[in-house]
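Heads up, the thing below is written out as structure tokens.
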Amino acid sequence: MAFTNASVLETEPGCGPISLQYALRGVGRDVDIWEVHSAVYRPDGKSSLRDLALYANRSGVSTSYVSGQALARIPEKAFVVTHIPRGSGHFIVVRKLTNGQFEVFDPVDSSRAVLNELRLQSLQPTLGLIVTKGTAHGAGASYAGLVVCFWMSIIQLLCFLLWLSLRFSRKVRT
């Protein structure tokens, strides 16, 4: 999975900082909403999953990415800030409970709902950020997956160029 998509999953103002604050409080980090807001919003007024990951790591927690289809396999009690394609994009928080149930926090109206896996998947989550207790190793911790993806992309590009050059050289010889 290409985690570089985390930087393009953007949302309108409000839901990103509130979702991240909720998840951070869930793992024992009390952060001020205005501090989160000023740290994750760009000049265009939007935030991305990558922006949220960077702030969470600076706050001293560990983060990792998870695909929307893999939300059912997250550890129990883990908090996941996930992107859903509602409107121009929206962040919610998902927490796995017991017996295949999930608590979903929607920052728009501060509502909480308990859903089963099928109902959770009906929200069409795309990519999530797992926020867990533990010390992050600076902002680089969130980049571990991105670095691996970057090098895999470089290798794929080189393989493609090699294939292209071999194909072209065969046409020239014939």
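Each reported figure results from applying straightforward, stated rules to the coordinates on display, with no laboratory input. Note that the coordinates shown come from a computational prediction; the quantities given were computed from them, not determined experimentally. Every residue, glycine as well, gets a Cβ built from its backbone with ideal geometry; the counts of neighbours run over all protein chains shown.
Odds and ends about this structure:
- Residues whose placed amide H lies under 5 Å from that of Ala78, excluding near-sequence neighbours: Lys96
- Only Lys, Arg (+1) and Asp, Glu (-1) charged, at Cβ; segment 3-141 dipole about Cα centre in debye: 360 debye
- Seen from every direction in turn and averaged, the convex hull around the alpha carbons of segment 3-141 projects onto 7.5 nm².
- Counting only aspartates and glutamates at least 8 places from Lys77 when in the same chain, those with an alpha carbon closer than 18 Å to its own are Asp30, Glu103, Asp106, Glu117.
- Normalised contact order of segment 3-141, rounded percent, pairs of Cα under 8 Å and 6 or more residues apart: 31 percent
- R0 of 25 Å, Cβ-Cβ distance Ile33-Gln101: FRET efficiency to nearest 0.05: 0.35
- Approximating the spin labels as points 7 Å out from Cα along Cα→Cβ, the Lys46-to-Glu76 distance works out to 3.9 nm.
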